[in-house]
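So the structure is just underneath, and the comments pick up after that.
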Amino acid sequence: MKNNFIRLTGGNTDLIIRPEPAEILYWGKRLEIDEITEADLLSLERGVSNGGLDVDTPVTLAAENGRGYWGSSGVDGHRDGYDWAPVFKTKSAVKNGEVLLIEAVDEIAQLAFKTEIEADGNGVFKFRNSLTNLGEGKFTVNRLAVTLPVPEYADEVLSFYGRWCRELQENRTCLKHGAFMQENRHGRTSHEYAPNLVLGQPHFSQQQGEVWGFHLAWSGNHRIRADVLIDGRRFAQLENLYLPGEIVLEQGESLSTPWVYTAYSDCGLNGMSQQFHRHIRSRILHFAQPIRPVHLNIWEGGMFDHDPAHIIAMAEKAAEMGVERFIIDDGWFIGRNDDFGGLGDWFLDEKKYPNGLKPVIDAVKKLGMQFGIWVELEMISKRSKLYQQHPDWMLRLDGYDQPEERHQYVLDLVNPDAFNYILERMDWLLGENQVDYIKWDHNRRLVQPGHLGKAAVTAQTQAAYRLFDILQKRYPHVEIESCSSGGARIDFEILKRSQRFWTSDNNDALTRQKIQRGMSYFYPPEVIGAHIGGAPCQTTMRNFSFDFRGLTALFGHMGVELDPVKESAEERQGFAKYIALHKQLRPLLHSGESFRLDHHDDTTLINGVVAQDKKQAVVLISQLDMPDYKQMGKLRVPYLEANATYQVKLLSIPYYIKQGKGGHLMKVFPQWVLDNFAGKPVSIRGEWLAKAGLTIPVLDPQSAMLVEFKRL
């Protein structure tokens with residue numbers, strides 16, 4: 001604590017903190033200077049302006065209103081109406097490597113406040129606050145948040161909104177005064193408001209500008225905000241959103257916020273994303289096997305109609321296409337012939353499977369594929385044996401008629417009997433069958449989520465985590481996909497307990513382009529479930545070329561969603577082509593640095609992956625709609641080795657280029673495209689590709705092309 005400050009360094013980022021009062025003084029690009037002096041720190045003193053208090057008020061890590069801080073407090077609660085305006089004084093600040101623990105106390109309010117900060121070499125910093133009731137009597141907690149400052153020039157907010165089948169859409173807001181706030185009360189991470197936030201200097205882009213990225217690792221309700229105080233200071237605040245009376249601390253009890261993950265970048269959103277991706281890969285992910293197997297899920301192909309002979313035929317066709325993991329979806333358990341019943345009755349439907357699951361599993365394994373199955377463990381149907389026997393196991397408030405969603409309700413996992421029942425049924429499913437993978441779904445929101453009359457979203461979320469943890473410990477070879485009507489349970493905390501996200505129930509390639517881009521800001525490709533769907537798309541009824549569908553699914557954890565028996569030979573050949581291409585590129589896609597390129601036309605999306613050693617890169621150019629201009633400009637790739645020469649090759653091109661036609665928008669294609677089509681090698685230096693680039697051919701709407709760069 002020399003010079004009354006603590007310096008934490010992670011990657012290319014420095015965090016400088018004054019312990020008392022506990023305040024972040026600097027958070028940005030790593031400083032080249034080794035020694036920070038008293039004069040350096042004094043240069044940051046704010047002074048006191050007219051029109052306010054006679055003393056300076058810091059935005060501390062607790063952000064206490066009791067200090068005269070006028071923003072959103074980080075601690076909000078009371079002890080029977082008392083002790084509601086605490087002011088914490090630091091007792092200790094201990095730095096151990098790149099982990100900092102600051103402990104503070106308010107002796108009058110009898111409350112302790114603790115902040116944990118962890119830095120890693122990837123540039124990601126984790127923050128968590130805890131509150132402890134030291135006094136007699138219960139302390140009711142209304143709010144407990146993590147509050148973090150950003151510079152006064154961070155005027156732009158990027159947040160993420162969505163809905164079912166249209167998750168993770170981008171929303172940009174200029175923030176000069178007041179606050180931006182979003183709240184999620186759906187009881188799960190939600191389609192509507194992902195727990196992600198980016199603040200930055202105006203007009204930050206994929207490749208340029210300073211940005212500060214924030215992620216709240218929590219799978220329940222949450223509140224996220226960005227504020228501008230009238231003195232110009234700006235901060236972000238992230239928290240679990242508690243329902244009334246949900247959190248009451250007895251003497252000696254503590255409460256912690258979820259972890260908040262942050263990343264600073266001075267080279268735009270790409271730099272932020274790459275830090276988050278590296279952190280996930282090194283600190284969060286735990287795969288049962290390193291290679292991400294290509295999926296085939298039968299849901300859109302069969303739904304509730306299960307015939308073992310036909311399912312085996314599906315598996316045979318899937319194996320011919322190169323599928324590596326075959327998944328039976330909803331409909332395998334008793335009472336599940338539609339979505340009105342069966343949830344909770346996790347017993348095999350012997351009418352559908354008279355010989356059990358074994359013949360199907362054996363056939364799948366014999367074909368060289370892994371076997372997966374769908375479950376929805378946190379739900380209950382009123383038309384089920386479980387509900388008839390235990391109506392009190394539903395998460396609800398007695399006396400009310402709770403509205404349905406998808407004809408189902410939520411099972412009260414806070415109830416030990418309900419929890420143990422689900423655990424017992426999963427021991428049967430995973431213990432007596434050779435299951436490699438489960439698709440774990442969560443298909444409805446929580447309405448009046450009460451346990452014994454009290455609000456229980458936090459307790460229900462924690463119980464779900466405990467169920468995941470026990471099953472992962474008992475069956476470490478079984479991988480889990482987190483699904484929630486698509487992308488409604490996607491966050492870092494559930495990722496600690498799963499290996500894949502089902503990004504969206506929408507396999508429409510056009511809509512998926514922006515959904516998957518929204519995912520890419522915080523998650524690496526290998527956890528983004530991306531399936532090639534049939535034509536027409538089941539959710540939108542739109543038709544797209546096979547190339548566009550295949551290329552859209554390429555930059556993720558690839559899968560297929562259909563019944564291959566019913567598809568034409570031409571369609572199956574198309575699936576096989578893109579499965580093979582994905583396998584060819586998978587080592588690069590699932591280990592390299594992802595990037596998105598700025599482009600002057602919003603109808604064009606360009607994204608890619610470059611190898612860590614820069615020997616190889618692939619770039620996907622997707623044309624979503626009619627281009628704004630008659631020419632599309634240049635493809636400039638700044639992430640290659642400047643002094644190296646690269647062979648430029650088209651790995652996939654629209655059908656009209658293959659046929660030597662110009663489509664509807666070009667008469668003659670650029671020479672490098674024609675040379676590729678003619679089989680002539682195209683070799684260009686890395687610096688030229690970065691600064692001058694390649695002319696992009698004008699693509700027809702809803703088509704894409706894939707370009708590979710290999711260092712010679």
Asp106 being farther than 23 Å from Ile16 by Cβ and either in contact with an Asp or Glu (Cβ under 6 Å, 6 or more places away or on another chain) or of a type outside the set (A, V, I, L, M, F, W, C) (or both): yes
Selected residue [within 24 Å of Ile24 (Cα to Cα), aromatic (Phe, Trp, Tyr) and open to solvent by less than 40 Å² (accessible area, probe 1.4 Å)] from Phe139, Phe160, Phe113: Phe113
Among the residues listed as Asp330, Asp339, the single one being in a loop (DSSP other than H, G, I, E, B), buried (at least 22 other Cβ atoms within 10 Å of the Cβ), in contact (Cβ under 8 Å) with a residue 12 or more places away in the chain and under 32 Å from the mean Cα position of the chain (by Cα): Asp330
Test result for Pro638, more than 15 Å from Asp700 (Cα to Cα), in contact (Cβ under 8 Å) with a residue 24 or more places away in the chain and in a loop (DSSP other than H, G, I, E, B): yes
Residues located in the stretch 575-584, provided they are in contact with a strand residue (DSSP E or B) (Cβ under 8 Å, 6 or more places away or on another chain) and either under 24 Å from Gly302 (Cα atoms) or surrounded by 20 or more Cβ atoms within 10 Å (Cβ to Cβ) (or both): Phe575, Tyr578, Ile579, His582
Matching residues, the stretch 1-34, being under 19 Å from Lys89 (Cα atoms) and in contact with a Leu (Cβ under 8 Å, 6 or more places away or on another chain): Asn3, Asn4, Phe5, Ile6, Ile16, Ile17, Arg18, Ala22, Glu23, Ile24, Leu25
Residue within the stretch 353-364 that is open to solvent by less than 50 Å² (accessible area, probe 1.4 Å) and either more than 30 Å from Lys566 (Cβ to Cβ) or among the charged types (D, E, K, R) (or both) present: no
Options Leu31, Leu61, Leu53; residue that is open to solvent by less than 20 Å² (accessible area, probe 1.4 Å), part of a loop (DSSP other than H, G, I, E, B) and either farther than 17 Å from Arg234 by Cβ or touching a Pro at 6+ places or on another chain (Cβ under 9 Å) (or both): Leu61
Test: residue in the stretch 4-14 that is without any contact (Cβ under 8 Å) to a residue 60 or more places away in the chain, surrounded by fewer than 18 Cβ atoms within 10 Å (Cβ to Cβ) and within 20 Å of Gly232 (Cα to Cα): no
In the stretch 671-712, residue nearest to Arg549 (Cα to Cα) [restricted to those that are among the hydroxyl-bearing types (Ser, Thr, Tyr) and in contact (Cβ under 8 Å) with a residue 40 or more places away in the chain]: Ser703
Among the candidates Glu107, Glu98, Glu103, residue that is of a type in the set (Asp, Glu), open to solvent by 60 Å² or more (accessible area, probe 1.4 Å) and modelled with pLDDT under 95: Glu98
In the stretch 555-568, the residues that are surrounded by 23 or more Cβ atoms within 10 Å (Cβ to Cβ) and part of a loop (DSSP other than H, G, I, E, B): Phe555, Gly556, Leu562, Pro564
Any hit, the stretch 542-553, residues being farther than 16 Å from Gln516 by Cα and either assigned to a strand (DSSP E or B) or open to solvent by 50 Å² or more (accessible area, probe 1.4 Å) (or both): yes
All positions within the stretch 63-93 that are among the aromatic types (Phe, Trp, Tyr) and closer than 18 Å to Gln110 by Cβ: Tyr82, Trp84, Phe88
Residues of the stretch 290-312 classified as over 21 Å from the mean Cα position of the chain (by Cα) and either basic (Lys, Arg) or part of a loop (DSSP other than H, G, I, E, B) (or both), total: 6
Matching residues, the stretch 523-541, being closer than 30 Å to Gly271 by Cβ and in a strand (DSSP E or B): Ile528, Gly529, Ala530, His531
Residue that is nearest to Asp563 (Cα to Cα), among those in the stretch 523-543 that are without any contact (Cβ under 8 Å) to a residue 12 or more places away in the chain and not hydrophobic (A, V, I, L, M, F, W, C): Pro536
Pair list, Cβ under 6 Å, 6 or more apart: the stretch 264-288 residue under 14 Å from Asp120 (Cα atoms), other residue among the polar types (S, T, N, Q) and open to solvent by 10 Å² or more (accessible area, probe 1.4 Å): Gln275/Asn122; Arg278/Asn122; His279/Asn122
Filter result for the condition that a residue is closer than 26 Å to Val648 by Cβ, in contact with an Asp or Glu (Cβ under 9 Å, 6 or more places away or on another chain) and of a type outside the set (Lys, Arg), over Leu551, Leu620, Leu585, Leu597: Leu585
Residue in the stretch 64-95 that is nearest to the chain's Cα centre (by Cα), counting only those that are within 29 Å of Phe180 (Cβ to Cβ), in a loop (DSSP other than H, G, I, E, B) and in contact (Cβ under 8 Å) with a residue 40 or more places away in the chain: Gly74
Scan of the stretch 215-233 for residues that are under 19 Å from Met272 (Cβ atoms) and surrounded by 24 or more Cβ atoms within 10 Å (Cβ to Cβ), ordered by number: His215, Leu216, Ile224, Ala226
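The values are calculated or read from the model by the stated rules, or taken from the named source; none is laboratory data. All figures in this text were calculated on a predicted structure; none of them were measured in a lab. Note: ideal-geometry Cβ built from the backbone for every residue, glycine included; neighbour counts use all protein chains shown. Areas reflect the complete protein model, heavy atoms only, side chains present, ligands, DNA and RNA absent. Shrake-Rupley method; radii C 1.70, N 1.55, O 1.52, S 1.80 Å.
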